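Okay, so here's the structure we're looking at.
No lab work stands behind these numbers, since they all come straight from the coordinates. Quantities reported herein were computed from a predicted structural model and do not represent experimental measurements. Cβ: placed from backbone, ideal geometry, glycine included. Neighbour counts: every protein chain shown.
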Amino acid sequence: MTRSVWKGPFVDGYLIKKAEAVKASGRHEIIKTWSRRSTIIPEFVGLTFGVYNGKKFIPVLVTENMVGLKFGEFSPTRTFSGHTAADAKASQK
């Protein structure tokens, strides 16, 4: 179920404050965040966020195409090592 329209997008308050501070300073810093559930809003465009995936921070440069999506979508938590080949399965039996 999606979020109600009248509530607006969910963004952690501290994340907005950090983004405003980086924009005001004019320096290009990575903003570390653990909030994978936060929605990307237009004010974040052009900033770089370090999104935590449970092991390390993945740098995510926010573009206009990302607005409306969640930070967690750009920081995968699982690594896919590929499917095993059919001959490898046969040799194990």
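In table form, for the structure just shown:
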quantity: Lys pairs under 19 Å by Cα in the chain, provided they are eight or more residues apart or on distinct chains; calculated: 11
quantity: Neighbourhood net charge (12 Å Cβ-Cβ; Lys/Arg +1, Asp/Glu -1) for residue 60; calculated: +2
quantity: Estimated vicinal HN-Hα couplings, Hz - region 43-55 in sequence order (Karplus 6.51, -1.76, 1.60; Gly, Pro = x); calculated: 5, 8, 4, x, 9, 10, 10, x, 9, 6, 10, x, 10
quantity: Karplus (6.51, -1.76, 1.60) ³J(HN,Hα), θ = phi - 60°, over region 15-23, in Hz, Gly and Pro reported as x; calculated: 5, 5, 4, 5, 5, 5, 5, 5, 5
quantity: For the chain, diffusion coefficient by Stokes-Einstein and Kirkwood Rh (Cα), 4 °C, 1.567 mPa s, µm²/s; calculated: 85
quantity: Length-normalised contact order of the chain in % [C-alpha pairs under 8 Å, at least 6 apart]; calculated: 23
quantity: Förster radius 41 Å - calculated FRET efficiency between residue 10 and residue 80 (Cβ-Cβ, nearest 0.05); calculated: 0.90
quantity: Residue-wise HN-Hα coupling along region 24-30, computed from phi with Karplus coefficients 6.51, -1.76, 1.60 (Hz; x: Gly, Pro); calculated: 5, 6, x, 8, 9, 10, 8
quantity: Surface/4 of the Cα convex hull for region 29-77, nm²; calculated: 2.9
quantity: Rounded to 5, the percent of DSSP beta bridges in the chain classed as antiparallel; calculated: 60
quantity: Relative contact order [Cα under 8 Å, 6+ residues apart], region 29-77, whole percent; calculated: 42
quantity: Environment charge at residue 22 (Cβ cut-off 13 Å; Lys +1, Arg +1, Asp -1, Glu -1); calculated: +2
quantity: Cβ-based net charge around residue 38, under 10 Å, with every Lys or Arg adding one and every Asp or Glu removing one; calculated: +2
quantity: Chain lengthening between residue 2 and residue 69 when straightened (0.36 nm per residue, less Cα-Cα); calculated: 22.9 nm
